[in-house]
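Structure, as structure tokens:
No value in this document is a laboratory result; all are computed from the given coordinates. What you are looking at is a predicted structure, and each value in this text was computed from that prediction instead of being measured. Counting neighbours? That spans all protein chains shown, and the Cβs are built from the backbone with ideal geometry, glycine included.
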Amino acid sequence: MLPAVLDPPVTAAGGGSLATMSFGPESMRGAPSAGHVVGQVDYRLARNAIVSEYRKGRMSRLDVCDAHPELLRAATNVGQQTGEDCPICETAKLVLVSYVFGSRLPPSGKCITSQRELLKLAGGGREVACYVVEVCPNCSWNHLARTFALGGQRSVSR
Ligand SMILES: [Zn+2]
């Protein structure tokens, strides 16, 4: 007879957050599912389409300002400031947050806080998918800005 498994879910990757708040590529508006990142894709057109729908009143603020708590946390703590106004509330500047997903990374991805960290991952020899999301820490607007694949393409690096 085996004892019932009562172990709480503990994430090994330091960060301290428990798995209760699952975060993944699908948590970002407009994102393709993981594993479909090829080359570099810009999502500005899709993003502008949503902003336009919002401005025409076809989407409510509740529809577009729904950033995942994890995304907001990252935006506040490690987000990269931009000089661009939030298209929704127009009172705060947008922040960019980068996440990488890959076979040897946690399912919730890894939040990248510096260019150096990204370059290190790129040099690791295994392919990772990088997702850059724009987030407004003020109103919770979020949309994927671009995705690109890194590493795993030996012909590119030198
Ligand atoms: Zn905003």
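Over region 25-150, the reciprocal of the mean inverse Cα-Cα separation, the Kirkwood hydrodynamic radius, stands at 14.8 Å. When you count the other C-beta atoms within 10 angstrom of each residue and take the mean per peptide, 128-137, 63-72, 103-112 line up highest first as 128-137, 63-72, 103-112. Among H143, P107, P32, whose Cα sits farthest toward the positive end of the charge dipole of region 25-150 (+1 at Cβ of Lys/Arg, -1 at Cβ of Asp/Glu, about the Cα centre)? Sorting the options by dipole projection puts first P107.
For the peptides 50-58, 79-87, residues were scored by their other Cβ atoms within 10 Å and the scores averaged per peptide; the highest-first order is 79-87, 50-58.
Please report the net charge: other residues with Cβ closer than 14 Å to the Cβ of K120, K and R +1, D and E -1.
Taking every other residue near K120 into account, the sum is +3.
Comparing I50, L118, V132 along the charge dipole axis of region 25-150, the residue lying farthest to the positive side is L118, per the Cβ-charge model.
Computed over neighbours whose Cβ is under 13 Å from that of R104, the net charge equals +1, Lys and Arg +1, Asp and Glu -1. What you get for region 25-150, charging only the Cβ of Lys and Arg (+1) and of Asp and Glu (-1), is a dipole of about 160 debye around the Cα centre. Around M59, under 12 Å between beta carbons, what's the net of Lys plus Arg minus Asp minus Glu among the other residues? Spelling it out: positives minus negatives among the neighbours equals +2.
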